[in-house]
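Below is one structure, written out as structure tokens; comments come after it.
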Amino acid sequence: MRWRNVAACLAVSLDALRLEITVDDTTEFLDFDRCSTELELVGIAHAFVHRTDRTLLATHPDDRAASQEIVNHMTRMQADAAGPPCAAAPLPAGALPPVWTWADAHALAAQGKLRLNFGGGAANDFHAFDDRYTGWVAVEGPNDPDGHDYGFCLDGKESCGKPWCLCRDLTRERFPLDDGSVASILTEHALEHIKWEYWPHILREFHRILRVGGVARVALPDYHAPGAVRRVFWNTTVAAEHRILGGHHAFTSFASVRPFVEASPFEAVYWLHYWDGSALDGRPPSEDEPLPFTRNPIDYGLGFVKRTPDHPTMNEGVTSVVVDLVKLAR
Ligand SMILES: *[C@@H]1O[C@H](CO)[C@@H](O)[C@H](O)[C@H]1NC(C)=O
């Protein structure tokens, strides 16, 4: 997709504004209002940029730059349109004001409203788009030093280029948040992209920033699920494919994750879903070896997880290790 001529602007009347955009030689119009809020403008721009793909499974730096540019044009048109001051509009139910910086996140934390979705950059796009993530702020990392480009965090940028998505290198840095300041943590299929050596630091930081009584819900691909995924343990070519193409550096299962959870500062741990390889004595299972599946009820109000048997239309046939880590003391 080529973005051109975003600059042409039309004022339809005093308050109704229209931005003309030419994409791939087709001219389209985006209608908005002199008093549209930043949230509404971001929603209009994102809906336009993603109009052919609302799944948001793939987001690209170009798309984000384009939607930011569209918002900038609309904001400039609003500033140029004269009129009486705009009344403050209420946010949609449960939605947060846009978060573009860590200072914005601090302000939410001070109100006890900061819920963090680590690795949620694609799903957590903007609140009106996917309300399962309304109220959550995503945190993304820099590109993989081994060359895997996640396309969220450009060098030195605090924001992923869209609201409610902040950047931070989780592997080495202290998270820029005060002790006990985060209401909840969620991470779905993200930590497997991080080498085991960094896990103790990350779990310690999750515990430090979480409020007492808060839950960190961790969901990970289950490499002990029956079938072809187990070949990563037996075949070095397949393992390399998962590392290089998938960017997976930790082949996660109940058996491999448990020692890290047990060594972490979390005082209470609830294992919710997992294929139980504890009887294997550390040996990886073969492709069709039966293992018991533990399936406890999950309260998705504490953090949505797509990839479980509870969401058969969304899980792409994948199950997850799902574990809730609870902080009980400072
Ligand atoms: C390992 O996997 C590769 C790629 O799927 C396959 O070509 C190869 O035959 C496998 N090796 C063994 C020993 O099974």
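Each row is one residue, and each column tells you yes or no for (1) more than 22 Å from Pro200 (Cβ to Cβ); (2) of a type in the set (Ser, Thr, Tyr).
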{"site": "Val261", "(1), (2)": "no, no"}
{"site": "Pro284", "(1), (2)": "yes, no"}
{"site": "Glu287", "(1), (2)": "yes, no"}
{"site": "Thr294", "(1), (2)": "yes, yes"}
{"site": "Asp310", "(1), (2)": "yes, no"}
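Tell me yes or no: at least one residue of region 185-199 is in contact with a His (Cβ under 9 Å, 6 or more places away or on another chain), in contact (Cβ under 8 Å) with a residue 12 or more places away in the chain and of a type in the set (Asp, Glu).
There is at least one residue in region 185-199 that is in contact with a His (Cβ under 9 Å, 6 or more places away or on another chain), in contact (Cβ under 8 Å) with a residue 12 or more places away in the chain and of a type in the set (Asp, Glu).
Within region 207-238, how many residues are of a type outside the set (S, T, N, Q), over 16 Å from Phe293 (Cα atoms), modelled with pLDDT of 95 or more and within 16 Å of the ligand (Cβ to nearest atom)?
Within region 207-238, residues that are of a type outside the set (S, T, N, Q), over 16 Å from Phe293 (Cα atoms), modelled with pLDDT of 95 or more and within 16 Å of the ligand (Cβ to nearest atom) number 5.
The rows are residues; the columns are (1) in contact with an Asp or Glu (Cβ under 6 Å, 6 or more places away or on another chain); (2) charged (D, E, K, R); (3) outside any loop (DSSP other than H, G, I, E, B).
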position	(1), (2), (3)
Trp199	no, no, yes
Arg204	no, yes, yes
Gly213	no, no, no
Ala216	no, no, yes
Leu220	yes, no, yes
Phe251	no, no, no
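Hey, Phe251 hits all of (1) in contact with a Pro (Cβ under 8 Å, 6 or more places away or on another chain); (2) within 16 Å of the ligand (Cβ to nearest atom); (3) within 16 Å of Ala219 (Cα to Cα) but one; which does it fall short on?
Here Phe251 clears every test but (1).
Residue pairs, Cβ under 9 Å, 6 or more apart or interchain, first in region 218-244 and touching a residue at least 12 places away in the same chain (Cβ under 8 Å) and farther than 19 Å from Lys306 by Cβ, second more than 14 Å from the ligand (Cβ to nearest atom) and in a helix (DSSP H, G or I). List them.
From region 218-244, the pairs are His224/Phe254; His224/Ala255; His224/Ser256; His224/Leu280.
Every residue, every condition in (1) in a helix (DSSP H, G or I); (2) buried (at least 17 other Cβ atoms within 10 Å of the Cβ), yes or no:
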{"residue": "Gly247", "(1), (2)": "no, yes"}
{"residue": "Glu262", "(1), (2)": "yes, no"}
{"residue": "His273", "(1), (2)": "no, yes"}
{"residue": "Lys306", "(1), (2)": "no, yes"}
{"residue": "Glu316", "(1), (2)": "no, no"}
{"residue": "Val322", "(1), (2)": "no, yes"}
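For the structure I just gave you, tell me whether Ala225 is assigned to a loop (DSSP other than H, G, I, E, B), more than 21 Å from Pro142 (Cα to Cα) and assigned by TED's automatic domain parsing to the domain that holds Cys165.
Here the answer is yes, as Ala225 does meet what is asked.
Can you tell me which residue in region 192-206 is nearest to the ligand (Cβ to nearest atom), limited to those that are hydrophobic (A, V, I, L, M, F, W, C) and under 16 Å from Glu173 (Cβ atoms)?
Ranking the candidates gives Ile194 first.
Can you tell me which condition Pro259 does not meet? The list is (1) without any contact (Cβ under 8 Å) to a residue 12 or more places away in the chain; (2) within 16 Å of the ligand (Cβ to nearest atom), and all the others hold.
With (1) without any contact (Cβ under 8 Å) to a residue 12 or more places away in the chain; (2) within 16 Å of the ligand (Cβ to nearest atom) applied to Pro259, the lone miss is (2).
Pick out, from region 1-85, the strands (runs of 3 or more DSSP E) lying fully within it that include 3 or more residues that are at pLDDT below 80.
It comes to 9-11.
The values are calculated or read from the model by the stated rules, or taken from the named source; none is laboratory data. None of the values given here were measured: they were computed from a predicted structure. Heads up, the Cβs are rebuilt from the backbone with ideal geometry, glycines too, and the neighbour counts pull from every protein chain shown.
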